[in-house]
Amino acid sequence: MIEFKDVTKTFDSKQGTVHAVQDVNLKIEDGHIYGIVGYSGAGKSTLIRMLNGLETPTSGSVNIDEVEISALTGAKLRAQRHKIGMIFQHFNLLWSRTVLENIMFPLEIAGNSKADAKQKAAHLAELVGLSGRENAYPAELSGGQKQRVGIARALANDPQILLSDEATSALDPQTTDEVLDLLLDINKKLNLTIVLITHEMHVIRKIADHVAVMEDGKIVEQGPVLEVFKRPQQAVTKRFVNEEVTPSLTETTAVVDQLLAKYPKGTIVQLTFHGDQAQLPIVSEMLKQYTLDLNIIEGAIHQTQEGAIGSLYIQISGDQSQINGALAYLQKMRVETEVLNRE
Ligand SMILES: Nc1ncnc2c1ncn2[C@@H]1O[C@H](COP(=O)(O)OP(=O)(O)OP(=O)(O)O)[C@@H](O)[C@H]1O
Ligand SMILES: [Mg+2]
């Protein structure tokens with residue numbers, strides 16, 4: 001069982017003291033899927049980072065099976081960390097390693113022989129539905145496949161707990177559902193406890209059994225998902241539950257279908273920019289290097305704690321070789337690209 005007891009975490013910064021997590025008390029039973037929802041800056045990541053010792057509480061204690069994680073250091077902390085796997089929004093894969101080698105990485109670090117690591121990694125690749133893709137590189141995979149690698153890698157050292165920090169936020173709805181189904185499946189098969197952070201109630205609704213709502217560092221509401229959905233008490237919870245998500249292009253396959261019907265000629269590409277990448281210079285540089293017609297369909301930039309995330313839908317037409325060159329250029333610039341159709 002996971003137990004947060006009176007946990008507070010403050011950060012001192014130039015702007016003053018930030019109360020990232022305040023007076024949190026939370027129990028998570030083994031084998032549960034516990035969702036933590038809240039708007040940006042609510043303290044969700046800080047809270048779960050205290051579970052694997054990436055942050056230590058300013059006061060209070062964080063316990064797993066009555067071992068106080070927050071008091072461990074050095075080799076003891078490292079041993080505890082093996083019991084906890086983590087997956088991330090942007091996958092955090094090693095780009096120069098194949099699928100199999102990515103999954104082998106934590107096994108090698110833990111001191112397994114290469115042969116053992118390979119055998120285990122192959123088994124995990126199968127478990128997450130990547131059979132046949134073992135020798136592919138991350139750049140050759142779809143977002144959903146990349147997250148499957150992330151999940152397999154997180155499971156490598158047989159953890160008891162899987163932490164998921166917005167692991168489906170970079171994925172389209174269908175892929176999100178596929179990854180959530182996989183998480184449900186491994187939760188059952190391995191009796192794994194999953195603590196997942198999300199800002200999408202859809203994710204909570206689909207797989208979590210319990211939910212805690214965070215606001216300004218505090219847990220303002222918690223309980224079984226159905227209870228919270230039926231009778232939200234706090235304003236922030238009501239907002240989450242009632243939130244009518246305006247369909248963005250990725251929201252529904254129907255919208256993508258409409259788009260393809262409207263722009264039948266070119267190749268429609270979704271570009272996703274992360275962090276500090278300046279969006280437009282990359283696109284204008286691409287146009288200088290390749291002869292293409294470009295049509296911007298829709299774009300949006302969202303600010304997060306980790307920086308900006310931008311999504312741009314463009315339609316490009318021209319020679320296939322120019323299109324391929326442009327797509328390769330975008331990948332080289334580490335812009336995530338997803339081709340929605342290809343002539
Ligand atoms: N290392 C740090 N130093 C200073 N302040 C920090 C640090 N880490 C987090 N914070 C602050 O603590 C608060 C909570 O941040 P946290 O990342 O936990 O929020 P979050 O709920 O995960 O947000 P998001 O949904 O954007 O990821 C924010 O105000 C953030 O700026
Ligand atoms: Mg976060």
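The values are calculated or read from the model by the stated rules, or taken from the named source; none is laboratory data. Computed from a prediction, not measured in an experiment: that's the story for all the values here. Positions of Cβ are generated from backbone atoms using ideal geometry, with glycine treated the same way; all protein chains shown enter the neighbour counts. The protein model used for the area step is the full one, side chains on, heavy atoms only, and it has no ligands, DNA or RNA in it. Shrake-Rupley method; radii C 1.70, N 1.55, O 1.52, S 1.80 Å.
Please determine, by comparing only the residues of region 230-256 that are part of a helix (DSSP H, G or I) and open to solvent by 40 Å² or more (accessible area, probe 1.4 Å), which one is modelled with the highest pLDDT.
Step by step, filter region 230-256, then rank; the result is 235.
Within region 151-167, which residues are open to solvent by less than 10 Å² (accessible area, probe 1.4 Å) and within 16 Å of ligand 2 (Cβ to nearest atom)?
Listed by number, the residues that qualify are 163, 164, 167.
Considering only residues that are free of Cβ contacts under 8 Å to residues at least 40 places away in the same chain and assigned to a strand (DSSP E or B), look in region 193-221 and name the one that is surrounded by the most Cβ atoms within 10 Å (Cβ to Cβ).
Per the stated criteria, the residue is 221.
Restricting attention to region 22-42, and to residues there that are open to solvent by less than 10 Å² (accessible area, probe 1.4 Å) and within 12 Å of ligand 2 (Cβ to nearest atom), which single residue is nearest to residue 192 (Cα to Cα)?
36
What are the residue pairs meeting all of these: first residue in region 299-324, first residue of a type in the set (Phe, Trp, Tyr), second residue at pLDDT 70 or above, Cβ atoms under 6 Å, and 6 or more apart or on different chains?
From region 299-324, the pairs are 313/270; 313/297; 313/298.
Looking only at strands (runs of 3 or more DSSP E) that fall completely inside region 1-103, which ones have 3 or more residues that are over 22 Å from the mean Cα position of the chain (by Cα) and in the same structural domain as residue 187 (by TED's automatic domain parsing)?
Result: 2-13, 16-28, 59-64.
If the Cβ limit is 6 Å and pairs must be 6+ apart or interchain, which residue in region 22-41 that is within 13 Å of residue 162 (Cβ to Cβ) pairs with which residue that is of a type in the set (D, E, K, R) and more than 9 Å from ligand 1 (Cβ to nearest atom)?
Correct list of pairs: 32/209; 33/209.
Which residue is modelled with the lowest pLDDT, if the candidates are limited to region 257-266 and must be under 15 Å from residue 296 (Cα atoms) and out of contact with any Ser or Thr (no Cβ under 7 Å at 6 or more places or on another chain)?
Only one residue fits best here, namely 259.
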